[in-house]
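**Q** Here it is, the structure, as structure tokens.
The values are calculated or read from the model by the stated rules, or taken from the named source; none is laboratory data. Not measured: the values here are computed from a predicted model. Cβ sites come from the backbone with ideal geometry, for glycine too, and all protein chains shown count toward neighbours. Heavy atoms of the whole protein, side chains included, go into the accessibility calculation; ligands, DNA and RNA do not. Shrake-Rupley method; radii C 1.70, N 1.55, O 1.52, S 1.80 Å.
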Amino acid sequence: MRVFFVILAAAGLFGSSQELQAAELVNGINAVVHDSVITYQAVEDYTRQAVLSQQSRTAAGLNQATIDKLRSDNLETLLERQLILHDFKTAGYSLPESLIEDVVQARIRSRYSDRATLTKTLQEEGTTYEKFRQQVRDQFIIEQMRFKNISHEIMISPHKIEAYYLEHKEDFKTEDMVKLRLILLNKTSADDPQARKMAEEIISKIKEGVSFSEMASVNSQGPQRGQGGERDWEKTSGLRKELAEAAAALKPGDLSGVIETPEACYLMLVEGKRPAHIQSLSDTRGEIEGTLLRQERARLQDQWIARLKKKTFVRYF
């Protein structure tokens, strides 16, 4: 272990605070697990990837508190990985190199299509094939160790599912749902009379026997024109105010009058309604089982990692 403290002591040789901070980031030790070092730079690299991933999903910047939380969580993730790899080694397990090679080749095919694409990607990322192979090997070991110590032990009984359902019934309450066909006729201006005139003509034709879907396919300017104006089931509360009020007043099979807004005129055919209700246990069983599995997996993971920390040298810096 002396080598780690020699490295730490060497940090004192840097003169300026900026040099010290740069050295801590690149070479500084954030944590030690037995004889493995987790550097500040490794945590920063991992955090940078997480930040970019979250920002791509939210299209918004993350505040400093969120980034600090990510950094802390990522340190624990990297520390747990080293604990698991150390446990694999000390337990005397081994993997045939032929199996690792099969796993590596499968990863290349699934993510990169071929070796040439992988090589180009690794060059762009500034890493090597050997490091990539080691990462795949480590990830495979971690997955197998998690399965051995966590996943295969989990059983969710019907009683647990039923108890969770009774305790969380309100979580399974659905809103009023409606299934519509709509004809949208845009206005050229707020006082444009043509859209309303055309809507009234369409109503007349529908009453004479022409189907709503046929009239929608010919006349509607909405995105569902090709489907005869048909929309998926949706929450009534998600409709714009004028449409929601009209849908609430109609029964399945009813045709609306002209629904006018400043931008357009609408015609609506209500095809179905589902009143707000609490979903049944049979409808939610799969969702509940998935939730309980995740919760139990997290609990067992925490217990397992706590045991590994007790029997392994771990130090934070």
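**Q** Given contacts defined as C-alpha pairs under 8 Å and at least six residues apart, what's the relative contact order of the chain, whole-number percent?
**A** Once normalised by length, the contact order is 20 percent.
**Q** Give a residue-ordered list of calculated ³J(HN,Hα) values for the range 230-242 (Karplus: 6.51 cos²θ - 1.76 cosθ + 1.60, θ = phi - 60°; whole Hz; x for Gly, Pro).
**A** 6, 10, 6, 4, 8, 5, 4, 5, x, 7, 5, 3, 5
**Q** How many angstrom lie between the C-alpha centres of the range 234-286 and the range 71-111?
**A** 51
**Q** Read phi for every residue in the range 125-132 and hand back ³J(HN,Hα) as whole Hz from Karplus 6.51 cos²θ - 1.76 cosθ + 1.60, θ = phi - 60°, with x for Gly and Pro.
**A** 8, x, 10, 10, 5, 4, 5, 4
**Q** Quick check: net charge around Glu230, other residues with Cβ under 9 Å of its Cβ, Lys/Arg +1 and Asp/Glu -1?
**A** +1
**Q** Which one of Ala50, Leu182, Ile142 is farthest out on the positive end of the charge dipole of the range 49-187, using unit charges on Cβ (Lys, Arg +1; Asp, Glu -1) and the Cα centre as origin?
**A** Farthest towards the positive pole: Leu182.
**Q** Report the local net charge at Met145: Lys and Arg +1, Asp and Glu -1, summed over other residues whose C-beta lies under 14 Å from its C-beta.
**A** +2
**Q** Beyond 30 Å between alpha-carbons counts as too far, so tell me which of Lys148/Lys169; Lys207/Lys241; Lys173/Lys241 fall in that bin.
**A** Table pairs above 30 Å Cα-Cα are Lys148/Lys169.
**Q** For a distance above 25 Å, tell me the whole-number percent of Cα pairs in the range 36-145 that qualify.
**A** The share of Cα pairs beyond 25 Å in the range 36-145 comes to 36 percent.
**Q** Right, another one. Tell me which of Ser72, Tyr93, Val103 sits at the most positive position along the dipole axis of the range 32-138, charges placed on C-beta atoms (Lys, Arg +1; Asp, Glu -1).
**A** Val103
**Q** Expected output is a single nm value to one decimal: the length gained when fully extending between Val314 and Ala50, i.e. 0.36 nm times separation in residues minus the C-alpha distance. What is it?
**A** Full extension of this stretch gives 92.6 nm more.
**Q** So how much slack lies between Glu234 and Ile156, counting 0.36 nm per residue of separation and subtracting their Cα-Cα distance, in nm?
**A** Answer, rounded to one decimal: 24.8 nm.
**Q** What translational diffusion coefficient, to the nearest whole µm²/s, does the range 203-317 have by Stokes-Einstein, given a Kirkwood radius computed over alpha-carbon pairs, a temperature of 10 °C and 1.306 mPa s viscosity?
**A** Once the numbers are plugged in, D ends up at 83 µm²/s.
**Q** Moving to a separate point now. How would you classify the range 154-211 from its alpha-carbon gyration tensor, with a ≥ b ≥ c the square roots of the eigenvalues: rounded for a/c under 1.5, else prolate if a/b is greater than b/c, otherwise oblate?
**A** Because a/c hits 1.5 or more and a/b exceeds b/c, the range 154-211 counts as prolate.
**Q** Something else about it: For the chain, what is the accessible area per residue in Å² when the probe is 1.4 Å?
**A** Accessible area per residue, the chain: 62 Å².
**Q** Straight-line reach only, C-alpha to C-alpha below 15 angstrom: list the aspartates and glutamates that Lys309 could link to, leaving out same-chain residues fewer than 8 apart.
**A** Those aspartates and glutamates meeting the cut-off are Asp35, Glu76, Glu80, Asp87.
**Q** May I pose another question? I'd like the FRET efficiency for Glu125 and Gln301, computed as 1/(1 + (r/R0)^6) with the beta carbon distance as r and R0 of 35 Å, rounded to 0.05.
**A** E between Glu125 and Gln301, to the nearest 0.05, is 0.75.
**Q** Across the chain, how large is the tail of the calculated P(r) beyond 29 Å, expressed as a percent of all Cα pairs?
**A** 64
**Q** So if each residue of separation counts as 0.36 nm, and I subtract the Cα-Cα distance between Gln64 and Gln144, what length gain in nm does that give?
**A** That pair, Gln64 and Gln144, stretches by 25.3 nm at full extension.
**Q** About the Cα centre of the chain, what is the dipole size in debye to 20, counting +1 per Lys and Arg Cβ and -1 per Asp and Glu Cβ, all else neutral?
**A** That gives a dipole near 740 debye.
**Q** Let me check against my output: what whole-number percent is the relative contact order of the range 221-281, with C-alpha pairs under 8 Å and at least 6 apart?
**A** Relative contact order here is 22 percent.
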